[in-house]
Amino acid sequence: MIDTIYSVRKICDLFGFKDPRTARKIMREMEHTENPLLVTESAVRRWMEKKTLPPENEIRQLLRGCG
């Protein structure tokens, strides 16, 4: 199956960015192509997984258990 390809404009729409520079910055944190700058849907998903944190109460519980 072929992934959906996202351009800077599509990433702006997806994340609600007003400034395309913000989209370019995060796209370059992902696996991407240059000229044109593009990312795949799976690259976006992997980036989101790395950036996603558990709920704060779970972090507190883990930290309490370490002491």
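The values are calculated or read from the model by the stated rules, or taken from the named source; none is laboratory data. Keep in mind the model is a prediction, meaning the values are calculated, not measured. Cβ placement follows ideal geometry from the backbone for every residue including glycine, while neighbour counts extend to all protein chains displayed.
General remarks:
- Qualifying residue in segment 39-60 (condition: touching a helix residue (DSSP H, G or I) at 6+ places or on another chain (Cβ under 6 Å) and within 12 Å of Val8 (Cα to Cα)): yes
- Test for Thr33: is it surrounded by 10 or more Cβ atoms within 10 Å (Cβ to Cβ) and without any contact (Cβ under 8 Å) to a residue 12 or more places away in the chain: yes
- Of the residues making up segment 1-15, those that are of a type in the set (Lys, Arg), under 11 Å from Leu37 (Cα atoms) and surrounded by 15 or more Cβ atoms within 10 Å (Cβ to Cβ) number 0.
- Verdict on Gly65 being among the small types (Gly, Ala, Ser), loosely packed, with under 13 Cβ neighbours inside 10 Å and at pLDDT below 95: yes
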